[in-house]
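Read the figures in this text as sums done on the coordinates, not as results from a lab. The structure displayed is predicted, hence computed values, not measured ones. Every residue, glycine among them, receives a Cβ derived from its backbone with ideal geometry; neighbour counts consider all protein chains shown.
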Amino acid sequence: MKSKYSLLKKYHLIAIFTLCLLLSLPVLAQDEAEQAVIQLVAESEEFTDWLAQYEGWIAYTYAPEDGTIWYVEFYTAEEDDWLGYANIDADTGEIQDSLVPIPLPPDEFAAGQERVSKLVLSDPEVIARLVDPVLWYPYVDFNRYERMWEMHFYRGKEAVMVKAYLDEFTFSIQEIVDENVLTEEETLQNTRDEAINLAYGAEGLDTALEGFDNWRTYVENQGGPRWSVTFAADERELFYALVDVASDKVIEAGETDQ
């Protein structure tokens, strides 16, 4: 009897051949190529068992501007959880890199919690930051999206997080963070996200994007709390919105002619 992965390998080779054939057709509809790429990744050894746990999962692909490397990412059917990504070479079917946010098994998680707690509390920099660790409430968790351990310390309104990498032979603290203070980069990203969310509510956006599945947003600060958000696809600007993140308002919006 053939093993599951032998069969997967067979189907994987068939999918690669199919994709190469599709990509060679000049009149190929874009969505057919996208579906072929998604199938290659979804049936790979890294993703097949993981995605099987999420009925109705959905995927988004981003075609390469040049070269053959496609980007594919997966979400749950409700789009309330991210299920991973992969960069895949469409010519060879080889996954160049990927991340699958699989939780640790319970026994590995429990063992890791204990090890991380002891190692973090023996670090001189952490001790200097906390002064007296006994006065803090500790909590250890595993960030499955970043594949990092996070040890949180709470004391009243104060909150400190220690990010650490741990495997069988290696332990290293990556950073110590005051959880009440956003970095400049995080603040900027939060503001950009808020601007895009406001633009999504602009009247006429749904009509402007109709028929375009590969549209992207471009965001620029226009001074103070005002940001411009442009929706574009196929090297065309489809819709423009000027928003004010301080007042949560869309100042102006409409389709573009470019």
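Hey, quick one: spin label on residue 190, modelled 7 Å out along Cα-Cβ, who in the range 221-258 has an amide N within reach, i.e. under 12 Å? Counting only backbone N, you get no residues. For the chain, modelled as a GNM with alpha-carbon contacts under 10 angstrom, which of 131, 120, 72 fluctuates the most? Of 131, 120, 72, the most mobile in the Gaussian network model is 131. Can you tell me, using C-alpha contacts under 8 Å and at least 6 residues apart, the relative contact order of the chain as a whole percent? Across the chain, relative contact order equals 8 percent. Extending 7 Å from Cα along the Cβ direction at residue 135 and again at residue 81 yields two label points whose distance is 3.9 nm.
The amide H of residue 222, built 1.01 Å from its N in the peptide plane, has 227, 228 as neighbours under 5 Å, considering only residues 5 or more places off or on other chains. In this simple spin-label approximation, residue 63 and residue 203 carry label points 7 Å from Cα along the Cα→Cβ vector, and these lie 3.5 nm apart. Once the Cα-Cα distance is subtracted from the 0.36 nm per residue extended length, the residue 210 to residue 144 segment shows a gain of 20.2 nm. Summarising the label geometry, the points placed 7 Å from Cα in the beta-carbon direction at residue 218 and residue 54 lie 3.1 nm from one another. Where (1) 111; (2) 151; (3) 195 are the candidate values, the label of the one calculated here for volume of the Cα convex hull per residue in Å³ is (3).
The ranking of 117, 247, 44 from fewest to most other beta carbons within 10 Å of each one's beta carbon is 247, 117, 44. Over all directions, what mean area does the Cα convex hull of the range 106-178 project, stated in square nanometres? Taking the Cα atoms of the range 106-178, their convex hull projects to 4.9 nm² on average. Annotation: peptides 229-236, 137-144, ranked by per-residue average of other Cβ atoms within 10 Å with the highest first, follow the order 229-236, 137-144.
Ranked for footprinting exposure by Cβ neighbours inside 10 Å, fewest first, 240, 60 give 60, 240. Result for the chain in a Gaussian network model with C-alpha springs under 10 Å: among 83, 188, 40, the largest mean-square fluctuation is at 188.
Using only the Cα atoms of the range 184-255, each taken as one equal point scatterer with no solvent, compute I(q) by the Debye sum, divide by I(0), and report log10 of the ratio at q = 0.24 Å⁻¹. Log-scaled intensity ratios, in q order: -1.03.
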